[in-house]
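This report refers to the structure that appears directly beneath it.
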Amino acid sequence: MELWERKFTLKMALQVPGHSWSLTQEDNLNPRSLPYGWYQFQQKKCFARFQCSSCPNRWPSAQVLVTFHMHLDARERRGQVKMRPFGQKCKRCGGGKFEKPKFSEKNVERILDNVVLTIQEKLYWQPVANRHLLEPLVEDYVEGPHDTARCEACALGICYLRDPAPKSQPSAPPYRFAATASRAVASPSGPQAQRVVDTRDGMEVVNCVVVIVIVLLMLAALYFRK
């Protein structure tokens, strides 16, 4: 955590001199509960490594979620950021503890650059049109789908990769609304159907008149040539 704090303090001192900013880690930070005056930024698809505390197993992941809450006291020129990286459980020993992710210095830099950019945009109203959020670096080979059963964010129901419709619960048939709408358009009834028929009849009359006019013009041209 010391690396995060040191780099964040330096970045904010360069971007907003004269203001004091702090970064702390809170394991109980709730992404669904944001106090008034605070802003939230979520860094998705972070790459990190994990070390099981119960067995020698180690594993990488490229789907780690880190949540940041940020607040600025403009009168005191003091800002505060709280962060929470969400952990994963060991697949080998089945331990019940969510292990904390460990990030490389390069990815810490990228993630904090995105946090600073969000602070500039949301709290200082600085134009950031030509600047874009950076994607975290994937520093190792990662195979297989996201393990939702061992993801802390999934367990809390806040993971961006969480299946919104669990397989154990019945879900509504897909595209039901679209199918209903298409049948209504394809098979109109009542006054709407009558309007469709009247429109088609009117178009047929117009087409007949156009054909008759063309034929008369052709006959008139032949007559005057003689």
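Since every read-out is calculated from the coordinates, none of them should be taken as a lab result. What you see is a predicted model, and the numbers here were worked out from it, not measured in a lab. Glycine also receives a Cβ, built like all others from the backbone with ideal geometry; neighbour counts cover every protein chain displayed.
Miscellaneous remarks
- Qualifying chymotrypsin sites (Phe, Trp or Tyr not before Pro) in region 1-56, where qualification requires a DSSP coil assignment and no more than 11 other C-beta atoms within 10 Å, comprise 36.
- Amide H contacts of residue 45 (H built 1.01 Å from N, under 5 Å, at least 5 apart or other chain): 64
- Protection proxy ranking of 145-152, 57-64 - average other beta-carbon atoms within 10 Å, highest first: 57-64, 145-152
- Full extension of the chain segment joining residue 161 with residue 58 gains 34.9 nm, where the gain is 0.36 nm per residue of separation less the Cα-Cα distance.
- 12 Å reach of a label modelled at residue 73, 7 Å along Cα-to-Cβ, counting backbone N of region 6-23: 20-22
- Size of region 2-155 from its Cα atoms: along the principal axes, largest to smallest, the extents are 51, 29, 25 Å.
- Global form of region 68-138, assessed from the alpha-carbon gyration tensor, a/c cut-off 1.5: oblate
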